[in-house]
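*Asks:* Structure incoming, see below.
Where a number appears in this text, it was derived from the coordinates with a stated rule and is not lab data. Note that the coordinates shown come from a computational prediction; the quantities given were computed from them, not determined experimentally. Cβ coordinates were reconstructed from backbone atoms using ideal geometry, including for glycine residues, and neighbour counts include every protein chain displayed.
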Amino acid sequence: MPTLGFLKKKRTKDDNSPTSPTVDKHGHTPITPTLSKQSTLFTEPESTFSSGNDSAHSSATSQPASSTTNKPAAPTSAPQGMQNNQATGQLQGQNPTSSTQNVPSIHNLIHQPNYGSGIDSGYGSADNTANNNNAVPTLNLPTTQKSGPQPFRETKGKYTLTDFSISRTLGTGSFGRVHLVQSKHNQRFYAVKVLKKQQVVKMKQVEHTNDERRMLQRCRHPFLITLWGTWQDSKNLYMVMDFIEGGELFSLLRKSQRFPNPVAKFYAAEVTLAIDYLHSMNIIYRDLKPENLLLDRHGHIKITDFGFAKEVPDITWTLCGTPDYLAPEVVSSKGYNKSVDWWSLGILIFEMLAGFTPFWDSGSPLKIYENILKGRVKYPPYIHPDAQDLLGKLITADLTKRLGNLHGGSRDVMTHAWFAEVTWERLAKKDIDAPYVPPVTGGIGDASLFDKYPEESEPYGDRGEDQYGKMFPDF
Ligand SMILES: Nc1ncnc2c1ncn2[C@@H]1O[C@H](COP(=O)(O)OP(=O)(O)O)[C@@H](O)[C@H]1O
Ligand SMILES: [Mg+2]
């Protein structure tokens with residue numbers, strides 16, 4: 001067993017043990033899909049589920065509607081194909097899950113990069129991505145101060161605390177929290193991630209935090225969170241993002257216990273497109289897990305949390321991630337590359353289909369690492385053979401065999417039999433109805449699908465001396 005590197009995050013939100021599905025007051029489990037007239041994503045009967053909401057597929061988050069545009073999901077019965085599906089039975093249980101607990105998820109850190117000189121440094125900053133200029137997105141500011149699209153980097157320093165009314169916490173993380181906020185200029189709702197500088201420095205995450213900002217700044221994709229701008233004061237860093245109203249996939253999965261095959265396939269396919277895009281930008285994501293996957297108001301995926309995203313043209317060594325989702329080459333402190341995200345995609349698909357992760361072991365990270373290195377995966381019998389085949393090819397320690405890391409790259413994943421029914425072009429346009437529409441009212445700051453957290457007691461906006469100087473030049 002190698003000396004394990006130390007990880008920023010441990011999975012503490014909830015254990016991974018299977019839970020029973022929640023049944024709502026109508027007797028439906030959260031993920032019971034509705035029938036749809038159209039079969040869009042899949043050509044097989046199992047694919048006939050849909051959101052039941054055929055309304056706009058445009059990005060609702062960048063232009064939040066002022067009125068309600070979607071109805072809460074009104075699950076009826078599982079479609080034909082799902083009844084044939086082995087997982088359907090899982091949706092009929094009666095025992096509510098216990099509410100998920102959020103515990104700060106930071107753990108020990110060793111093997112830290114040295115700022116500016118460590119192994120994990122030296123890759124392109126926003127400014128040396130000049131050859132990626134066509135990838136630098138242009139966008140509208142959430143304030144009314146600018147009329148047309150602006151190059152992203154011009155948003156730097158554009159905001160202050162006084163631009164927003166801060167309301168409740170949506171999620172807590174290792175170094176701070178994410179708040180629902182409302183712009184005082186356009187009255188729209190956003191999410192602001194607040195990171196405590198002191199925590200970031202203490203946990204030696206300065207470089208990762210600067211990367212988080214830089215990587216988010218470079219990305220524009222339908223299934224990735226949009227960053228609108230940032231600012232800082234003497235105590236905190238602030239990142240303004242779209243507010244993604246549908247809550248975490250994590251919550252939906254725990255409430256549902258596990259997803260039927262087509263539902264897992266839909267989410268996995270959207271995530272695959274996002275990973276493919278990130279890799280095309282030479283960005284490794286490194287923190288794929290249901291906690292970081294949000295659902296927009298129509299039920300499409302938005303990946304948030306670029307805390308470990310990094311520009312890595314070929315190889316890197318930093319040990320970071322979440323134990324259950326770590327690839328063996330990360331656990332054993334070898335250099336690794338983009339293929340760690342394909343491994344994590346395998347873990348994610350497994351967890352969606354099974355309700356627990358394959359190497360989970362009584363919640364002990366050390367046992368999890370041992371299991372990862374042993375590499376034995378036991379597939380529950382209800383996992384579809386095509387899914388098993390794909391998982392076997394993603395969750396493989398042999399990098400010369402791992403799908404996504406081979407000559408065909410992400411194509412090999414997309415053309416795998418499990419994804420056979422997916423129309424990738426339509427999926428990328430959000431032209432495929434999601435299997436579940438979160439029961440939220442859009443555009444009014446409805447955060448009812450997020451867990452509740454104790455609020456921060458220390459006020460934001462400190463104007464005192466900034467002892468962290470210029471550690472965060474991009475904010
Ligand atoms: N844009 C967003 N809209 C709504 N909720 C969000 C958004 N970004 C993050 N969250 C919530 O906050 C939680 C913590 O944010 P995250 O960026 O993942 O922090 P950490 O790096 O500490 O894990 C997420 O798991 C999610 O529940
Ligand atoms: Mg996170």
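*Asks:* Based on the Cα gyration tensor of segment 344-451, what are the three equivalent ellipsoid semi-axes, each the root of five times an eigenvalue, rounded to whole Å and given largest first?
*Replies:* 29, 22, 13
*Asks:* Length gain on complete extension for the stretch D462 to L406, per 0.36 nm per residue less the alpha carbon to alpha carbon distance?
*Replies:* 15.1 nm
*Asks:* Follow-up question, since we're still on this one. What is the gain in length, in nm to one decimal, between K334 and E455 on full extension, counting 0.36 nm per residue of separation less the C-alpha to C-alpha distance?
*Replies:* 39.6 nm
*Asks:* Just the number: Rg to Rh for segment 267-407, Cα atoms, Kirkwood Rh, two decimals.
*Replies:* 0.93
*Asks:* Order these peptides, 216-227, 444-455, by their mean beta-carbon neighbour count within 10 angstrom, highest first.
*Replies:* 216-227, 444-455
*Asks:* 5 Å is the cut-off here: which amide hydrogens, built 1.01 Å from N in the peptide plane, fall below it relative to V440, excluding neighbours closer than 5 in sequence?
*Replies:* Correct list: A73.
*Asks:* Within segment 151-271, how many Lys pairs that are eight or more residues apart, or on different chains, come under 17 Å at the alpha-carbon?
*Replies:* Lysine pairs meeting both conditions in segment 151-271 amount to 9.
*Asks:* Grab the beta carbon distance between S167 and V377, set R0 = 45 Å, and tell me the FRET efficiency rounded to 0.05.
*Replies:* According to the calculation, E is roughly 0.60.
*Asks:* Taking H as built 1.01 Å from N, whose amide H comes closer than 5 Å to the amide H of Q257, not counting residues under 5 places away?
*Replies:* T22
*Asks:* When S234, S339 are ordered from fewest to most other Cβ atoms inside 10 Å of their Cβ, what list results?
*Replies:* S234, S339
*Asks:* Where Rh is the Kirkwood radius over the Cα pairs of segment 419-475, the temperature 25 °C and the viscosity 0.890 mPa s, what D in µm²/s does Stokes-Einstein return?
*Replies:* Reported coefficient: 142 µm²/s.
*Asks:* A further question on this structure: Counting other beta carbons within 10 Å of each residue's own, what order do K470, K202 fall into, fewest first?
*Replies:* K470, K202
*Asks:* So what J values fall out for segment 407-421 if you push phi through Karplus, 6.51 cos²θ - 1.76 cosθ + 1.60 with θ = phi - 60°, rounded to Hz, Gly and Pro as x?
*Replies:* The phi angles translate into 3, x, x, 5, 3, 4, 6, 5, 8, 5, 3, 5, 9, 3, 7 Hz.
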